[in-house]
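Novice: Got a structure for you, questions after.
The values are calculated or read from the model by the stated rules, or taken from the named source; none is laboratory data. It should be emphasised that the depicted structure is a prediction, and the values quoted were computed from it without experimental measurement. Virtual Cβ from ideal backbone geometry, glycine too; neighbours counted across all protein chains shown.
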Amino acid sequence: MRHAGFATRAALVAALLVSALAGGVRAQGTAPLPSGTLPSGVAYQLRPDPSQDAAAVALWYRAPAAGFAPAPVPGFSGLAADTVAASVGVTGTSLGQLVNGFGGVLSVAVYPDSVSITAVVPPDHAAAVVRAMTAAYFAPVVTEDGLAIGLRETGQDALVRSFDPSEAIEDALGPTLFASGPLHDRTIPTPGSFKGLGVAEVRAFAERAFRPSNAILVLTGAVDGGALTGVASRPGAAPGASEAPAPEIVRSTPAPSPVPVTGNATGIGLGWVGPPIADEESATALDFLADVLFAPRTGLVTKAVGDRKASVSGKFVTYHTAGVFLVTISGDDAAAMQPIVEKTIDRVTRPLAPAAFGAARSGFVYRLLGDMETPAEIADTYGWYAVEGDAAYAPAEGGTDGRYFALASGLTPQAVARAAARYLGHPPSTVTLVKAQAAETRS
Amino acid sequence: MSRSPAVFATVLALLAPLAAQAAPATDVVDLGGTRAYVRADAAVALTGIELFVRAGLDRETDHQNGAAALVAETVLQTPVDGVPLVEAVDARGGSLTFAVAAQYVRFYLEAQPDNIAPLADLVARALHAPSFDPTTLAAARGELGDRIADTESDPRLVGLEMLRASYYRDGAGTPALGTAASLLQLGPADTRAFYTQWYLRGDAFVTVVGRTGTTVPSAGRALADALPAGTAPAAAIAVRPLTAQPKRMVTHRGDVYSPYIVIGFGAPALGDPDFPAALVMRSMLSDLFRQDEATTRPSVFRPVGSIYDYDVDPAQLALWVNGGQIDPSVGVAALDALVKAAASRPLESAVLARYRQRARGEWALESLSLDERAWSIGNAVAHGLNADAADQVGAAIDKVTPSDVERVAKKWFQRFDVALVLPRGDGG
């Protein structure tokens, strides 16, 4: 009952603040800027496209997936985000129910140092979802029923991810590359991860992580800037500062390789630490390299795999402190493929021929643009780069005339080879993922 | 957790909704005899062009299952400048895909605006003279084999194919991509004959979406002109009438891990006056047994769901019951009870309002990516409708009345076929 009482009070105050704010921004009579910070401390990115049939409303937070406490709880941020979406406050309707009733889609995505909540809804419900989502997260209601749903769905999502070789291997590579920090602490919960966690713990995380001053609100698709007038606030709190990036320590020497890890999938993972997001030129070069090596059909590694029974994927992930270049190899021929993959990666430490380089860049630009077609995809791009601390570097910003694509256009074979040599020109950290049952049998 | 409609209504009343954006119109452009339907969106960076060729499943004879897909895949595998077309397009900064439906096969080309014309020229070369030699056909069979394997590992799609085979007559009811065995029966002469007979410019049309520029019309024209001139006789899709006693079909699959029951109804197509009410029915039926959710659940964790194939007239609506989430017999009994109840009395207005709202939202989210938008326009044109017909559906859903739902439930949802997709052996 104590929890329920708190929930009701918080939601009521949040709802009142929505009413008070509505009209405040609109009364100024000016269209909101594409980016900015609201008086409550909420940073926003507003990129309308009225030609779309739907709107995306997304909240992004810098928050470690494993929680703020010294003892990491993998996937805690997802549990908290799910629980808030499922908890019913004074309105009698949870955010999940509201979006579902609109025929929309609500999703939570967990990353090592951030978490996002995204709703895709018809245009005429976008403003209502902005109000409801910000009210739900800025003054979080956490109920026992909501926690039960959150635990169920977090468990389901963890199960799916654990059976996906790429997801499972990438998650397992974190501890081999970092001695501490969000990537070290992993994002996929195990069945026992949440043991002993209750409403109080989830609420404490939610109140710290989901506060307005730590939020980045992204509105894309068929949404009107007037929706910003409905953004809620947290009662009685000064805006405050956003969450600082969690300390992260890169291993000075690689973990003993290969590191065996048990799970539901099998495969091999290779990982390298890359540049931070502030080194935009190097980060762009590594994005490009990932495409050169692993693009469907035309990637150098993809071609090297040929008809073998193996699936190989690779990507560079841009983070605030240090990016990571991750490769996963799965399938019956995974072990045989590993030296071929490593040899192919070594090739790109030398400059590509100009013609091949030009064609590869053309494909890279196309595939990047192809990942930014829907409102949700565009919101993801803005959210990710904003939460990692460099919104202006988001590929969606300015389109092909923006900073990201200008850097891509400026890449040269020599510069890319230098980036490859610097970041990929040494042995990677390696994990071998084996099925738990097989590991037990062997032992 | 319980819902509180009264509080919900109060909150909604406080939230002033934005006015819906006016839907952009689709322009019709003549490409020298072939029509192009162009809908521009300057906010996106890419252009998508889709060529609709009247060479779909219903063109296949009894001995040609898989021909529509194999010919289309052969176009993608035809060597251009020494590499398969699809790879050549990839390597030059674009993508080319195809899909087979009951009446049309469609090729979708996407690239940056300044690159679309050169890539269309490339595609036109292969489209004009596909290579039906054994090597290219073998490559095409290999590509299709991977896609067939994906379909066969999804129990919902397995059930849907069984229901299509039962409902549609002739080629329209055959597996969309063929089977491994049927593809092996099709050689160079068969595929060439299929191409010659059905790949005709007079029956084709083009849709264009995204950032359109001055080169786009010529790109569309290059694709259309690649097809030989001519038209083929019009043909309608024929169905087997559903019977009062449901037809039951069973299959056991090795890569299926939970039993699924898939129920197939005949359903109104886009443009049919019953279509909006059928979408409301779909929302109601798909909502059965839905638990309170934080986030939208993937289908594997949902007890009931639907697949509405409205790219063919008559259409088909399949409802699936996931035996991994719910006792299938309970699920089927509840679905049966719901369709009978819907046909016997009008829905309460509050219930109808709830499902109208959901149906309208689900409809809005059906076509968001560029290729989906290109398909949506083309689907309307293929049905003989205005290219903007899909834009009108949302407003039509808002006007659905209790008697509409009752009428549609009576007309379309009382007879059905049932497909059982069961794990093989111990079920994994």
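Novice: Of the conditions (1) in contact (Cβ under 8 Å) with a residue 40 or more places away in the chain; (2) within 22 Å of the chain's Cα centre (by Cα); (3) surrounded by fewer than 24 Cβ atoms within 10 Å (Cβ to Cβ), A:ALA69 clears all except one; give me its number.
Specialist: (1)
Novice: Can you name the residue in the range A:374-405 that is of a type in the set (Asp, Glu) and under 18 Å from A:ALA119 (Cβ atoms) and, of all such residues, is farthest from the other protein chains (Cβ to nearest Cβ)? Steps first, answer last, please.
Specialist: So the first thing to find is which residues in the range A:374-405 are of a type in the set (Asp, Glu), and the list is A:377, A:380, A:388, A:390, A:397, A:401.
Those still in the list that are under 18 Å from A:ALA119 (Cβ atoms) too: A:377, A:380.
On the way: A:GLU377: 8, A:ASP380: 13 Å.
Restricting to residues being of a type in the set (Asp, Glu) and under 18 Å from A:ALA119 (Cβ atoms), the top hit is A:ASP380.
Novice: Of the conditions (1) crowded, with 24+ Cβ neighbours inside 10 Å; (2) within 13 Å of chain B (Cβ to nearest Cβ); (3) farther than 30 Å from A:GLY104 by Cα; (4) β-branched (Val, Ile, Thr), A:THR302 fails just one. Which one is it?
Specialist: Every condition holds for A:THR302 apart from (1).
Novice: Which residues, counting only those in the range B:346-370, are more than 7 Å from chain A (Cβ to nearest Cβ) and crowded, with 21+ Cβ neighbours inside 10 Å?
Specialist: Start the filter on the range B:346-370 by keeping residues that are more than 7 Å from chain A (Cβ to nearest Cβ), which leaves B:346-353, B:355-356, B:363, B:366.
Passing the criteria: B:LEU347, B:TYR355, B:ARG356, B:TRP363.
Novice: Turning to a different aspect of this structure: For the range B:388-409, does any single residue satisfy the condition of being at pLDDT 95 or above, in contact with a Phe, Trp or Tyr (Cβ under 7 Å, 6 or more places away or on another chain) and not in a helix (DSSP H, G or I)?
Specialist: No, the conditions are met nowhere in the range B:388-409.
Novice: Restricting attention to the range A:40-56, and to residues there that are assigned to a loop (DSSP other than H, G, I, E, B) and farther than 17 Å from A:TYR137 by Cα, which single residue is farthest from the other protein chains (Cβ to nearest Cβ)? Step through it out loud before you land on a result.
Specialist: Keep residues of the range A:40-56 that are assigned to a loop (DSSP other than H, G, I, E, B), which gives A:40-42, A:49-54.
Then keep just the ones that are farther than 17 Å from A:TYR137 by Cα; that gives A:49-54.
Values: A:ASP49: 4, A:PRO50: 4, A:SER51: 4, A:GLN52: 7, A:ASP53: 5, A:ALA54: 5 Å.
Only one residue fits best here, namely A:GLN52.
Novice: Also, I was wondering about something else. Got at least one residue in the range B:79-86 being crowded, with 21+ Cβ neighbours inside 10 Å and in contact with a strand residue (DSSP E or B) (Cβ under 8 Å, 6 or more places away or on another chain)?
Specialist: yes
Novice: Identify, please: which residue in the range A:341-368 is within 24 Å of A:THR328 (Cα to Cα) and at the interface with chain B (Cβ under 9 Å from one of its Cβ atoms) and is, among those, surrounded by the fewest Cβ atoms within 10 Å (Cβ to Cβ)?
Specialist: By that ranking, first place goes to A:ARG367.
Residue by residue, here is whether (1) modelled with pLDDT of 95 or more; (2) surrounded by fewer than 18 Cβ atoms within 10 Å (Cβ to Cβ); (3) away from chain A (no Cβ under 14 Å) holds:
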position	(1), (2), (3)
B:GLY264	yes, no, yes
B:MET284	yes, no, no
B:ASP292	no, no, no
B:LEU317	yes, no, yes
B:ASP327	no, yes, yes
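Novice: What helices (runs of 4 or more DSSP H) completely inside the range A:85-195 contain at least 2 residues that are at pLDDT 95 or above and under 17 Å from B:THR296 (Cβ atoms)?
Specialist: Passing ranges, in order: A:95-101, A:126-138, A:144-163.
Novice: Counting just the residues of the range B:106-125 that are surrounded by fewer than 24 Cβ atoms within 10 Å (Cβ to Cβ) and more than 14 Å from every other protein chain (Cβ to nearest Cβ), which one comes out nearest to A:SER362 (Cα to Cα)?
Specialist: B:ALA117
Novice: If a residue must be at pLDDT 95 or above, part of a helix (DSSP H, G or I) and either outside the structural domain of B:ALA117 (by TED's automatic domain parsing) or not charged (D, E, K, R) (or both), how many such residues does the range B:53-95 contain?
Specialist: Total satisfying the criteria: 15.
Novice: Further, regarding this structure: Looking only at residues in the range A:110-127 that are of a type in the set (A, V, I, L, M) and more than 8 Å from chain B (Cβ to nearest Cβ), which one is farthest from A:ALA168 (Cα to Cα)? Lay out the reasoning, then the answer.
Specialist: Step one: filter the range A:110-127 for residues of a type in the set (A, V, I, L, M), giving A:110, A:115, A:117, A:119-121, A:126-127.
Still in the list and also more than 8 Å from chain B (Cβ to nearest Cβ): A:110, A:115, A:117, A:119.
Working: A:VAL110: 14, A:VAL115: 18, A:ILE117: 22, A:ALA119: 26 Å.
Here the answer is A:ALA119.
Novice: Would you list the strands (runs of 3 or more DSSP E) that sit entirely within the range B:244-329 and hold 1 or more residues that are in contact with a Phe, Trp or Tyr (Cβ under 6 Å, 6 or more places away or on another chain) and over 20 Å from B:HIS383 (Cβ atoms)?
Specialist: Values: elements: B:248-253, B:260-267, B:304-309, B:315-322.
Output list reads B:260-267, B:304-309, B:315-322.
Novice: When you go through A:ALA215, A:ALA206 one by one, which is the residue that is more than 14 Å from chain B (Cβ to nearest Cβ), crowded, with 24+ Cβ neighbours inside 10 Å, touching a residue at least 40 places away in the same chain (Cβ under 8 Å) and under 23 Å from A:VAL141 (Cβ atoms)? Walk me through it before giving the result.
Specialist: Details: A:ALA206 fails: more than 14 Å from chain B (Cβ to nearest Cβ).
Result of the check over A:ALA215, A:ALA206: A:ALA215.
Novice: Out of the residues in the range B:372-389 that are buried (at least 23 other Cβ atoms within 10 Å of the Cβ) and within 11 Å of another protein chain (Cβ to nearest Cβ), state the one that is farthest from B:ALA40 (Cα to Cα).
Specialist: Only one residue tops the list, namely B:SER376.
Novice: Do we find a residue being more than 8 Å from every other protein chain (Cβ to nearest Cβ) and free of Cβ contacts under 8 Å to residues at least 60 places away in the same chain anywhere in the range A:172-184? Walk me through it before giving the result.
Specialist: Here is the first cut: in the range A:172-184, the residues more than 8 Å from every other protein chain (Cβ to nearest Cβ) are A:172-184.
Those still in the list that are free of Cβ contacts under 8 Å to residues at least 60 places away in the same chain too: none.
Within the range A:172-184 (the criterion being more than 8 Å from every other protein chain (Cβ to nearest Cβ) and free of Cβ contacts under 8 Å to residues at least 60 places away in the same chain), the answer is no, since none of the residues qualifies.
Novice: Can you give me the ranges of the helices (runs of 4 or more DSSP H) entirely in the range B:143-232 with at least 1 residues that are under 30 Å from B:GLY264 (Cβ atoms)?
Specialist: On the way: elements: B:155-167, B:180-184, B:188-198, B:216-225.
Filter on the range B:143-232 gives B:155-167, B:180-184, B:188-198.
Novice: Can you spot a residue in the range A:125-142 that is surrounded by fewer than 21 Cβ atoms within 10 Å (Cβ to Cβ) and not assigned by TED's automatic domain parsing to the domain that holds A:ALA392?
Specialist: Residues of the range A:125-142 surrounded by fewer than 21 Cβ atoms within 10 Å (Cβ to Cβ): none.
Scanning the range A:125-142 turns up no residue that is surrounded by fewer than 21 Cβ atoms within 10 Å (Cβ to Cβ) and not assigned by TED's automatic domain parsing to the domain that holds A:ALA392.
Novice: Would a scan of the range A:229-244 turn up a residue that is within 14 Å of chain B (Cβ to nearest Cβ), touching a residue at least 12 places away in the same chain (Cβ under 8 Å) and either farther than 30 Å from A:GLY36 by Cβ or surrounded by fewer than 21 Cβ atoms within 10 Å (Cβ to Cβ) (or both)?
Specialist: The first filter runs over the range A:229-244 and keeps only residues within 14 Å of chain B (Cβ to nearest Cβ), leaving A:229-232.
Narrowing further to those that are touching a residue at least 12 places away in the same chain (Cβ under 8 Å): A:229-232.
After this cut, where a residue has to be either farther than 30 Å from A:GLY36 by Cβ or surrounded by fewer than 21 Cβ atoms within 10 Å (Cβ to Cβ) (or both) as well, the list is none.
So far as the range A:229-244 goes, no, none of its residues is within 14 Å of chain B (Cβ to nearest Cβ), touching a residue at least 12 places away in the same chain (Cβ under 8 Å) and either farther than 30 Å from A:GLY36 by Cβ or surrounded by fewer than 21 Cβ atoms within 10 Å (Cβ to Cβ) (or both).
Novice: Turning to a different aspect of this structure: So which residues in the range B:330-362 are among the charged types (D, E, K, R), more than 20 Å from B:GLY266 (Cα to Cα) and part of a helix (DSSP H, G or I), if there are any at all? Show your work before the answer.
Specialist: Taking the range B:330-362 and keeping what is among the charged types (D, E, K, R), we get B:336, B:340, B:345, B:348, B:354, B:356, B:358, B:360, B:362.
With the extra rule that they be more than 20 Å from B:GLY266 (Cα to Cα), the set shrinks to B:345, B:348, B:354, B:356, B:358, B:360, B:362.
Those that are among the charged types (D, E, K, R), more than 20 Å from B:GLY266 (Cα to Cα) and part of a helix (DSSP H, G or I): B:ARG354, B:ARG356, B:ARG358, B:ARG360, B:GLU362.
Novice: Here is a further query. Out of A:SER162, A:SER107, I need the residue that is surrounded by fewer than 24 Cβ atoms within 10 Å (Cβ to Cβ) and away from every other protein chain (no Cβ under 12 Å). Which one? Reasoning before the result, please.
Specialist: Working: A:SER107 fails: away from every other protein chain (no Cβ under 12 Å).
Unique residue meeting the criteria: A:SER162.
Novice: Right, next: Mind counting the residues in the range B:225-248 that are of a type in the set (Asp, Glu) and exposed (fewer than 11 other Cβ atoms within 10 Å of the Cβ)? Write out each step before concluding.
Specialist: Of the residues in the range B:225-248, the ones of a type in the set (Asp, Glu) are B:225.
Applying the additional criterion that residues be exposed (fewer than 11 other Cβ atoms within 10 Å of the Cβ) yields none.
So the count comes out to 0.
Novice: Here is a follow-up. Within the bounds of the range B:45-52, is there any residue that is charged (D, E, K, R) and at pLDDT 95 or above?
Specialist: Residues of the range B:45-52 charged (D, E, K, R): B:50.
Adding the requirement that they be at pLDDT 95 or above leaves B:50.
Yes, because at least one residue in the range B:45-52 is charged (D, E, K, R) and at pLDDT 95 or above.
Novice: Next question. A:VAL324 fails exactly one of the following numbered conditions: (1) within 14 Å of chain B (Cβ to nearest Cβ); (2) buried (at least 21 other Cβ atoms within 10 Å of the Cβ). What is the number of that condition?
Specialist: Going through the list (1) within 14 Å of chain B (Cβ to nearest Cβ); (2) buried (at least 21 other Cβ atoms within 10 Å of the Cβ), A:VAL324 breaks only (1).
Novice: Could you check A:GLU377 against (1) touching a Ser or Thr at 6+ places or on another chain (Cβ under 7 Å); (2) acidic (Asp, Glu); (3) free of Cβ contacts under 8 Å to residues at least 12 places away in the same chain and say which number it fails?
Specialist: In the conditions (1) touching a Ser or Thr at 6+ places or on another chain (Cβ under 7 Å); (2) acidic (Asp, Glu); (3) free of Cβ contacts under 8 Å to residues at least 12 places away in the same chain, A:GLU377 misses (1) alone.
Novice: Turning to a different aspect of this structure: Would you confirm, using the coordinates I've provided, whether A:ALA168 is touching a Ser or Thr at 6+ places or on another chain (Cβ under 9 Å) and either of a type in the set (A, V, I, L, M) or facing another protein chain (nearest Cβ under 10 Å) (or both)?
Specialist: Values: touching a Ser or Thr at 6+ places or on another chain (Cβ under 9 Å): yes; either of a type in the set (A, V, I, L, M) or facing another protein chain (nearest Cβ under 10 Å) (or both): yes.
The answer is yes for A:ALA168.
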